[in-house]
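Heads up, the thing below is written out as structure tokens.
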Amino acid sequence: MYYREIAGETVSALGMGNMRLPTFDGQENRIDRDRAQEIIDYAMAHGINYYDTAYRYHGGQSERFIGEALQRYPRDSFLLASKFPGHMMVKKEGGTVGFTGGLAGWPDSTVEGVFAEQLEKCRVDYFDFYLLHNVNEKSLGIFEDEELKVLEFVKRQKALGKIRHLGFSSHAASAATIDAFLTRHEGLFDFVQLQLNYLDWILQDARGKYETVARHGLKVVVMEGVRGGRLAQLPEAQMARLREVRPQDSAARWALRWVQSLPEVAVVLSGMSTLEQIRENVETFSAPQVLTPAEQALLAEVADSMLDLVPCTACRYCTEGCPMALAIPNIIAAYNGVKNGDFMARYDPDTAGDAMDPRRCVACGACAEICPQGIDIPAVMAEFPELLKKAPRR
């Protein structure tokens, strides 16, 4: 494992994301603690010292799990990051907050109450890194609300030592939103967490967002470096081109090496759900492996061939409020398979089961409202049956 610097801390270049831990029967809030603990133990044994979680991950169970999993290790042997869920909050009377999206139905709370709950669940007295979760065009109103005073609160917690380094994550639609937020609060933040990968570099202007953060003199923590696994499973035609250059490297390693090559990146988070994944990633981060100009050009060509795909990262936020219990990320993966031309027509909505039938979508829009990528999910569900009619049968 090699290390980099961020906000005066020495951090492992690979960080452990805790949004995609192994679960029982695919149920997000039922973490398989034995298997997940094996992954954490492997991470600690191989030099990973940065652990990222959030209030809503795994239906609220991620913070509790990571708090338990790290109890066996000295507090100064790891760096813990969590996030304030303002992007899923609505203001209520008297300074209280309610929850929306994937947190809809959770009991009302306060800014202070949420933070205290997070410390308790994580079994720590302080967070090494603490973020405002998903600062974007819709959530700015909560984070900058003059009555809730979220920014004043986190600034006070930093002064008290309960937050050592303050940052924010963002899926903002525009780099200008990030630029304006950093300008209004110049000097408050120590780092920014961005969705960065070679596809979103163009598809979602990740380049503009990255360069904006760099101009403000801040380091970047990377999320979705492999795009929720999407860049780990390339179509065979694209994978064949990569194998011609580096026969031994997986698609995931190509994606992670691309992110490694960005000079302002300090930590690359990976939501590793198996020992096989973490073993490969630890090997990838055993030393810097910067891409050559020719390799960068090749990945740019691969990205160009994928620009008409739906940019789903399988975060599964959309599934939590779907009244029809559709497996939306799985349906979108099948949709992208058709668009890619590598679709195996074994999939049939008549036989795939209710959760995999896009025709059952009622277009309520709950999924689109919460999607960090801004995908018009009902439109995809409506288009998919028509696309299937035109797909070649194999």
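The values are calculated or read from the model by the stated rules, or taken from the named source; none is laboratory data. From a predicted model like this one, the values you see are computed outputs, not experimental measurements. Cβ placement follows ideal geometry from the backbone for every residue including glycine, while neighbour counts extend to all protein chains displayed.
Please tell me if Ala252 is over 17 Å from Val11 (Cα atoms), of a type in the set (A, V, I, L, M), in a helix (DSSP H, G or I) and under 16 Å from the mean Cα position of the chain (by Cα). Here the answer is yes, as Ala252 does meet what is asked. Scanning the range 101-123 for residues being in contact (Cβ under 8 Å) with a residue 60 or more places away in the chain, under 20 Å from Ile370 (Cα atoms) and surrounded by 15 or more Cβ atoms within 10 Å (Cβ to Cβ) gives a total of 2. Starting from residues that are at pLDDT below 95 and either aliphatic (A, V, I, L, M) or in contact with a Lys or Arg (Cβ under 7 Å, 6 or more places away or on another chain) (or both), keep the ones in the range 157-174 and report whichever is farthest from Val111 (Cα to Cα). The selected residue is Ala173. Counted as qualifying within the range 147-208 are no helices (runs of 4 or more DSSP H), as none has 2 or more residues that are of a type in the set (S, T, N, Q) and more than 29 Å from Ser261 (Cα to Cα). Given the structure, is Phe181 crowded, with 19+ Cβ neighbours inside 10 Å, closer than 30 Å to Phe115 by Cα and more than 15 Å from the chain's Cα centre (by Cα)? The answer is yes for Phe181. Which pairs turn up if I take residues in the range 269-285 that are closer than 15 Å to Ser62 by Cβ and look for partners that are of a type in the set (Lys, Arg) with beta carbon separation below 8 Å, at least 6 apart in sequence or on another chain? Sorted first by the residue in the range 269-285, then by its partner, the pairs are Gly271/Arg20; Met272/Arg20; Ser273/Arg20. Figure legend. Inter-residue proximity from the range 2-25: first residues free of Cβ contacts under 8 Å to residues at least 24 places away in the same chain and not assigned by TED's automatic domain parsing to the domain that holds Pro329, second residues charged (D, E, K, R) and not in a strand (DSSP E or B), beta-carbon distance below 7 Å, spacing 6+ or different chains. Indicated pairs: Phe24/Arg30; Phe24/Asp32.
Every residue, every condition in (1) more than 25 Å from Tyr335 (Cα to Cα); (2) hydrophobic (A, V, I, L, M, F, W, C); (3) outside the structural domain of Ala334 (by TED's automatic domain parsing); (4) buried (at least 23 other Cβ atoms within 10 Å of the Cβ), yes or no:
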| site | (1), (2), (3), (4) |
| --- | --- |
| Ala175 | yes, yes, yes, no |
| Phe189 | yes, yes, yes, no |
| Leu196 | no, yes, yes, yes |
| Val220 | yes, yes, yes, yes |
| Glu236 | no, no, yes, no |
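Residue count for the range 128-147 satisfying the condition of being closer than 23 Å to Asp179 by Cα and over 24 Å from the mean Cα position of the chain (by Cα): 2.
Taking strands (runs of 3 or more DSSP E) as the structural unit, those lying wholly within the range 1-62 and holding at least 3 residues that are crowded, with 16+ Cβ neighbours inside 10 Å and not charged (D, E, K, R) correspond to 14-17.
Within the range 142-153, residues that are under 8 Å from Val111 (Cα atoms) and in the same structural domain as Leu131 (by TED's automatic domain parsing) sit with their Cβ atoms under 8 Å from residues that are assigned to a loop (DSSP other than H, G, I, E, B) and at pLDDT 95 or above, at 6+ positions apart or across chains, in these pairs: Val150/Glu144. Here Ser273 passes the criteria (1) more than 25 Å from Gly217 (Cβ to Cβ); (2) in contact with a Phe, Trp or Tyr (Cβ under 8 Å, 6 or more places away or on another chain); (3) not in a helix (DSSP H, G or I) except the one numbered (2). Against the conditions (1) touching a Ser or Thr at 6+ places or on another chain (Cβ under 6 Å); (2) without any contact (Cβ under 8 Å) to a residue 40 or more places away in the chain, Gln248 satisfies every one except (1).
Applying the condition of being in a helix (DSSP H, G or I) and not hydroxyl-bearing (Ser, Thr, Tyr) to the range 276-286 and asking which residue is surrounded by the most Cβ atoms within 10 Å (Cβ to Cβ) yields Asn281.
Of all the listed residues (Val150, Val154, Val124, Val192), the sole one being within 26 Å of Leu231 (Cβ to Cβ) and either at pLDDT 95 or above or of a type outside the set (D, E, K, R) (or both) is Val192.
With respect to the conditions (1) more than 26 Å from Ile332 (Cβ to Cβ); (2) touching a Lys or Arg at 6+ places or on another chain (Cβ under 8 Å); (3) modelled with pLDDT of 95 or more, Trp254 lacks only one, and its number is (1). Scan the range 63-87 for residues that are within 20 Å of Glu369 (Cα to Cα) and free of Cβ contacts under 8 Å to residues at least 60 places away in the same chain and jot them down. Pro85, His87 - these are the residues of the range 63-87 that are within 20 Å of Glu369 (Cα to Cα) and free of Cβ contacts under 8 Å to residues at least 60 places away in the same chain. Among the candidates Asp52, Asp76, Asp32, the residue that is more than 21 Å from Phe129 (Cβ to Cβ) and assigned by TED's automatic domain parsing to the domain that holds Asn136 is uniquely Asp32.
Flag set for Leu291, criterion: out of contact with any Gly (no Cβ under 9 Å at 6 or more places or on another chain) and assigned by TED's automatic domain parsing to the domain that holds Ala81.
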